[in-house]
Amino acid sequence: MSSTPGQPESGSVPTNAHSMPLFTCIACQVAFYSADQQRTHYRSDWHRYNLKRKVAELPPVTAESFAQRLLAQKAKTVEDTKRAEFSADCTVCKKTYGSENAFTNHLNSKKHKENEAQMLRKLQKDEDMRAEQNAIAESIAAARISV
């Protein structure tokens, strides 16, 4: 895969070279001077990829094009992995989300906003009740002190 644009795979030669190569790969449309080069090529991912394209009646890709596709696929895999690592919890609704987009959509949903408002009312009610209990306790304590 160290070939340059328009050049065949390392170890292969263009079919229009002055000395005719004896070994070829029809699927990848490259030629080789030795059987070892051809066998090494047959074991490559590039060759397997072109075989699958041939079965699907698609034209072969060059070694450079295949390398670019590999890099693009690796970048996509890294991006997908980063997305998969995302995890967010909504404590209001007691739900977990695996993507940032889903979590953002949830936070903007009517159901979440209703649950959030209900939780705030409950917290306020609990706080009011505690304040009332503290006021009663303080008045009892004050009454005992004055007696």
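Report whether or not V92 is of a type in the set (V, I, T) and at pLDDT 95 or above. No: the conditions fail for V92. Residues that are closer than 30 Å to K111 by Cα and not charged (D, E, K, R) within the range 40-94 comprise T81, A84, F86, S87, A88, C90, T91, V92, C93, listed in sequence order. K113 satisfies every condition listed in (1) of a type outside the set (F, W, Y); (2) closer than 30 Å to D45 by Cβ; (3) touching a Leu at 6+ places or on another chain (Cβ under 9 Å) except (2). Taking each residue of the range 23-50 that is among the charged types (D, E, K, R) and looking for partners that are buried (at least 16 other Cβ atoms within 10 Å of the Cβ) with beta-carbon atoms closer than 8 Å, six or more apart or interchain, yields D45/F66. Yes or no: A31 among the small types (G, A, S) and either touching a helix residue (DSSP H, G or I) at 6+ places or on another chain (Cβ under 6 Å) or outside any helix (DSSP H, G or I) (or both)? Considered against the rule, which asks whether it is among the small types (G, A, S) and either touching a helix residue (DSSP H, G or I) at 6+ places or on another chain (Cβ under 6 Å) or outside any helix (DSSP H, G or I) (or both), A31 comes out as yes.
What residue, among those in the range 115-145 that are of a type in the set (D, E) and open to solvent by 90 Å² or more (accessible area, probe 1.4 Å), is farthest from T91 (Cα to Cα)?
Of everything passing the filter in the range 115-145, E138 is farthest from T91 (Cα to Cα).
Restricting to the range 53-106, name every residue that is within 21 Å of Y42 (Cβ to Cβ), surrounded by 11 or more Cβ atoms within 10 Å (Cβ to Cβ) and not acidic (D, E). R53, K54, P60, V61, T62, A63, S65, F66, A67, R69, L70 - these are the residues of the range 53-106 that are within 21 Å of Y42 (Cβ to Cβ), surrounded by 11 or more Cβ atoms within 10 Å (Cβ to Cβ) and not acidic (D, E).
The values are calculated or read from the model by the stated rules, or taken from the named source; none is laboratory data. Everything numeric here is computed off the predicted structure, so don't read it as measured data. We place every Cβ from the backbone using ideal geometry, glycine too, and count neighbours over all the protein chains shown. All accessible areas refer to the heavy atoms of the entire protein, side chains included, with ligands and DNA or RNA removed. Shrake-Rupley method; radii C 1.70, N 1.55, O 1.52, S 1.80 Å.
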